[in-house]
Amino acid sequence: MERILHSTFLIDGVPQELTPADILQECSLPGVVPPGEDGGQIADETLDVTADSGRFYQMDPDDIADAVLALPRRPLPLPYAASYTAARMARALVDAIWMGGHFRLGDLELKGEWKWNDREIGNMAAFYASVEKAGEYMDALGLRFKELQFSTGTPSVHFKAVTTPGEEASPEEEESLFRELPFRTAHPRISARRRCPASILPETSDWLIYIPFDSCDFRLGGSAAATVTAAQAPTAPEIGDADYFIDCYEVVRELVEDGIVKAGATVGEGGLLTTLRTMASSTGADISVGDICRAYSELPLRVLFSEVPGVILQIADLDYDYIDAELLLQDVAYFPLGHPVPGSTAVTVLSSEDSGIHGILKSLLNTLEGED
């Protein structure tokens, strides 16, 4: 892999200016990218994406969610390597949001691991797309890689967010640091224990709200749902709105630290419905996605299974107005989903005035469009 890192790439006949090592060097701490000699040139082609078959829109969402939850090991979707990489990075950062301690997004660093091989056409093009997207996203977020590992194997990427406690700074240094890095704290600390549980609590008056952490469209290309159904979806979410991610992260992190979030979970792999199903380990929920569908002019199935980074929060009814004001102040979009249902572990999804899965299916059957 060291040779590949320091190779130049020719993708679809177009020479790439930077090597993967060059890209990662710009968004990593000193000494993180392993040194190496010129690896020569690697030529490869981008994998084509099959046109949408429309198969998604004839399937039961509960069946899709069951299959996603039963998926033992998800292969990396090579045609969507860039989107998948950004989603995994975002998920690692959001997973840290629930932890105890005191930190902000700018205090975090990422550990990254790539496993890859060049056995098939398209693998190296996908690797370059993955690294290129990682570099762009890290730079846009203003973060750095603390550790990078590369090895040969079935293509995969993994990330973990960590923070290193800062040293004591003088008032002048602290003021300068704040000007340069306004999203950092002087003495960050992160605990290994969650600040709030990941399962829905049995309080019927509480609200479950959804906050997407990116402004991109809901698309199914490269999703776990596409994997388990073998249905083709030609476009993936274009994850990359770093400024919006930062705004969302800061306000939600404050709510978590202040103890206002009673329970929370990261929406990432598997999408919204799969996350809700995982949260409903002891308490179910009645959920509506109608507001989301209307806001985005979107199909329910895309909203339920697209892997746009985000969170689901459980909050007390008495805190609703406060959270509404905080999110509006930061210009962060949120969507009330519904309420917990004690005594059940089922997640009943309403898409409109119709109830349950039948409402979703009716909406889908009345809509013939596929992926854009």
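Evaluate the range 232-252: report whether one residue or more is modelled with pLDDT under 95, among the β-branched types (Val, Ile, Thr) and surrounded by fewer than 20 Cβ atoms within 10 Å (Cβ to Cβ).
Taking every residue of the range 232-252 in turn, at least one turns out to be modelled with pLDDT under 95, among the β-branched types (Val, Ile, Thr) and surrounded by fewer than 20 Cβ atoms within 10 Å (Cβ to Cβ).
Go through the range 256-288 residue by residue and tally those that are free of Cβ contacts under 8 Å to residues at least 24 places away in the same chain and touching a Leu at 6+ places or on another chain (Cβ under 7 Å).
0
Being within 23 Å of Phe245 (Cβ to Cβ) and outside any helix (DSSP H, G or I) is the filter here, so list the residues in the range 268-291 that pass it.
Gly268, Glu269, Gly270, Val289
Counting just the residues of the range 116-141 that are in contact (Cβ under 8 Å) with a residue 60 or more places away in the chain and outside any helix (DSSP H, G or I), which one comes out nearest to Glu254 (Cα to Cα)?
Trp116
Just to confirm my filter: which strands (runs of 3 or more DSSP E) fall fully inside the range 1-115 and include at least 2 residues that are surrounded by fewer than 16 Cβ atoms within 10 Å (Cβ to Cβ)?
41-44, 99-102
Which of the residues spanning the range 96-131 are of a type in the set (Asp, Glu) and within 25 Å of Ala236 (Cα to Cα)?
Passing the criteria: Glu113, Asp118, Glu120.
Out of (1) part of a loop (DSSP other than H, G, I, E, B); (2) modelled with pLDDT under 95; (3) of a type outside the set (Val, Ile, Thr), what's the single condition that is false for Glu173?
The failed condition is (1).
If the Cβ limit is 7 Å and pairs must be 6+ apart or interchain, which residue in the range 322-339 that is in contact (Cβ under 8 Å) with a residue 24 or more places away in the chain pairs with which residue that is among the aromatic types (Phe, Trp, Tyr) and outside any helix (DSSP H, G or I)?
Leu327/Tyr334; Tyr334/Tyr210; Phe335/Tyr210; Pro336/Trp207; Leu337/Tyr210; His339/Trp207
Given (1) surrounded by 22 or more Cβ atoms within 10 Å (Cβ to Cβ); (2) at negative phi; (3) of a type outside the set (S, T, N, Q); (4) touching a Pro at 6+ places or on another chain (Cβ under 7 Å), where does Asp217 come up short, assuming only one miss?
(1)
From the list Arg302, Arg294, which residue is in a helix (DSSP H, G or I), at pLDDT below 95, farther than 29 Å from Ala92 by Cβ and of a type in the set (Lys, Arg)?
Step by step, each of Arg302, Arg294 is checked, and only Arg294 is in a helix (DSSP H, G or I), at pLDDT below 95, farther than 29 Å from Ala92 by Cβ and of a type in the set (Lys, Arg).
What are the residue pairs meeting all of these: first residue in the range 202-220, first residue farther than 20 Å from Met89 by Cα and part of a loop (DSSP other than H, G, I, E, B), second residue at pLDDT 95 or above and of a type in the set (Asp, Glu), Cβ atoms under 8 Å, and 6 or more apart or on different chains?
Listed by first residue and then by second, the contacts come to Ser205/Asp317; Asp206/Asp317.
If I ask for residues that are among the aliphatic types (A, V, I, L, M) and surrounded by 22 or more Cβ atoms within 10 Å (Cβ to Cβ), which ones from the range 294-310 would you list?
Result: Leu299, Leu301, Val303, Leu304, Val308.
Which residues, taken from the range 253-281, are closer than 26 Å to Ala224 by Cα, in contact with a strand residue (DSSP E or B) (Cβ under 6 Å, 6 or more places away or on another chain) and not polar (S, T, N, Q)?
Ala263, Gly264, Ala265, Val267, Leu276, Arg277, Met279, Ala280
Which condition does Glu326 not pass, out of (1) at pLDDT 95 or above; (2) closer than 20 Å to Val256 by Cβ, if it passes all the others?
Of (1) at pLDDT 95 or above; (2) closer than 20 Å to Val256 by Cβ, only one is false for Glu326: (1).
For the range 256-266, give me each residue that is part of a loop (DSSP other than H, G, I, E, B) and surrounded by 22 or more Cβ atoms within 10 Å (Cβ to Cβ).
Within the range 256-266, just Val261 meets the criteria.
Kindly list, by first and then second residue, each pair from a residue in the range 238-255 that is part of a helix (DSSP H, G or I) to a residue that is among the hydroxyl-bearing types (Ser, Thr, Tyr) and at pLDDT 95 or above, limited to pairs with Cβ atoms under 8 Å and residues at least 6 apart or on different chains.
Close Cβ pairs satisfying both conditions: Ala242/Tyr137; Tyr244/Ser215.
With (1) farther than 19 Å from Gln58 by Cα; (2) touching a residue at least 40 places away in the same chain (Cβ under 8 Å); (3) hydroxyl-bearing (Ser, Thr, Tyr) as the list, and Thr229 as the residue in question, which single condition is left unmet?
All conditions are met except number (1).
The values are calculated or read from the model by the stated rules, or taken from the named source; none is laboratory data. All figures in this text were calculated on a predicted structure; none of them were measured in a lab. Cβ atoms come from the backbone with ideal geometry, glycine included; neighbour counts cover every protein chain shown.
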